[in-house]
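Peer 1: First, the structure itself, so that you have it in front of you.
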Amino acid sequence: MATMQRTMEQAMDREDMGEMEDEGENCPIATLDITVNLKNRAKAITSAAYGPENPELPNRAFWMKKAEQWDVSPEDAKQSLCGNCAAFNVSDRIRQCIVDGIGTEADPWGTVKLADLGYCEIFDFKCAASRTCDAWVTGGPNTGEDEEDDMEDEE
């Protein structure tokens with residue numbers, strides 16, 4: 001717990017940084033720097049009720065609160081997840097950035113697949129598809145296909 005507290009304090013002390021221009025991939029820094037990622041995730045938790053903490057549990061109180069806020073049933077609220085949010089970026093490019101940030105000490109692709117990770121474009125952090133927040137926007141996820149179409153149109 002002390003390590004987590006120390007890490008969170010370090011995250012809160014750092015200033016937001018934009019994108020890592022010299023990475024070649026133009027990766028958002030939060031995909032590569034765990035401290036920045038934790039800071040941004042903490043902001044999503046406190047300002048937009050990102051959660052639930054463990055999506056595999058029932059989390060009745062969490063989903064009841066979302067249902068009341070959105071004026072829907074808890075069952076309907078459970079359908080509005082990061083995984084189908086328009087701000088949830090799961091493009092090949094962003095997933096490669098996440099893998100690069102995880103490094104080689106673990107199985108980075110296994111981690112991305114197991115947690116169903118993407119990147120929240122609203123709060124700038126690595127996000128799990130099975131969670132949600134108050135900033136959820138219909139129409140996702142962002143697979144990057146629109147970017148590819150735009151590039152083809154320019155050619």
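Peer 1: Looking only at segment 27-72, count every residue that is surrounded by 14 or more Cβ atoms within 10 Å (Cβ to Cβ) and polar (S, T, N, Q) and tell me the total.
Peer 2: Total meeting the criteria: 5.
Peer 1: Check Ile98 against each of (1) more than 20 Å from Leu32 (Cβ to Cβ); (2) touching a Ser or Thr at 6+ places or on another chain (Cβ under 6 Å) and name the one condition it does not meet.
Peer 2: All conditions are met except number (1).
Peer 1: Right, Arg131: in contact with a Gly (Cβ under 9 Å, 6 or more places away or on another chain), surrounded by fewer than 18 Cβ atoms within 10 Å (Cβ to Cβ) and among the basic types (Lys, Arg) or not? Talk me through it step by step, then tell me what you get.
Peer 2: Details: in contact with a Gly (Cβ under 9 Å, 6 or more places away or on another chain): yes; surrounded by fewer than 18 Cβ atoms within 10 Å (Cβ to Cβ): no; among the basic types (Lys, Arg): yes.
No, not satisfied.
Peer 1: Return yes or no: is Ala48 farther than 22 Å from Cys27 by Cβ, touching a Cys at 6+ places or on another chain (Cβ under 8 Å) and among the hydrophobic types (A, V, I, L, M, F, W, C)? Give the steps one after another, and end with the answer.
Peer 2: Numbers: farther than 22 Å from Cys27 by Cβ: yes; touching a Cys at 6+ places or on another chain (Cβ under 8 Å): yes; among the hydrophobic types (A, V, I, L, M, F, W, C): yes.
It is true that Ala48 is farther than 22 Å from Cys27 by Cβ, touching a Cys at 6+ places or on another chain (Cβ under 8 Å) and among the hydrophobic types (A, V, I, L, M, F, W, C).
Peer 1: Continuing with this model, one more query. Kindly indicate whether Phe125 is buried (at least 20 other Cβ atoms within 10 Å of the Cβ) and within 15 Å of Ala30 (Cβ to Cβ). Break it down into steps so the answer makes sense when it comes.
Peer 2: On the way: buried (at least 20 other Cβ atoms within 10 Å of the Cβ): yes; within 15 Å of Ala30 (Cβ to Cβ): yes.
The answer is yes for Phe125.
Peer 1: A further question follows. How many residues does segment 105-139 contain that are of a type in the set (Val, Ile, Thr), at pLDDT 95 or above and touching a strand residue (DSSP E or B) at 6+ places or on another chain (Cβ under 8 Å)?
Peer 2: The number of residues fulfilling the criteria is 1.
Peer 1: I've got another one for you. Would it be correct to say that Thr31 is among the polar types (S, T, N, Q) and either at pLDDT below 50 or not in a helix (DSSP H, G or I) (or both)? Talk me through it step by step, then tell me what you get.
Peer 2: On the way: among the polar types (S, T, N, Q): yes; either at pLDDT below 50 or not in a helix (DSSP H, G or I) (or both): no.
Criteria not met by Thr31.
Peer 1: Hey, another quick one. Somewhere in segment 7-26, is a residue modelled with pLDDT of 95 or more and either surrounded by 14 or more Cβ atoms within 10 Å (Cβ to Cβ) or part of a helix (DSSP H, G or I) (or both)? Can you show your working first?
Peer 2: Here is the first cut: in segment 7-26, the ones modelled with pLDDT of 95 or more are none.
No, the conditions are met nowhere in segment 7-26.
Peer 1: Kindly list the number of the only condition in (1) within 24 Å of Pro28 (Cβ to Cβ); (2) in contact with a helix residue (DSSP H, G or I) (Cβ under 7 Å, 6 or more places away or on another chain); (3) not in a loop (DSSP other than H, G, I, E, B) that fails for Gly140.
Peer 2: Condition not satisfied by Gly140: (3).
Peer 1: Still on this structure, I have one more. Has segment 72-87 got any residue that is closer than 18 Å to Ile34 by Cα and modelled with pLDDT of 95 or more? Full working, then the answer.
Peer 2: So in segment 72-87, the residues closer than 18 Å to Ile34 by Cα come out as none.
Checked against the condition, which is being closer than 18 Å to Ile34 by Cα and modelled with pLDDT of 95 or more, segment 72-87 yields no hits at all.
The values are calculated or read from the model by the stated rules, or taken from the named source; none is laboratory data. Source: prediction; values computed, not measured. Positions of Cβ are generated from backbone atoms using ideal geometry, with glycine treated the same way; all protein chains shown enter the neighbour counts.
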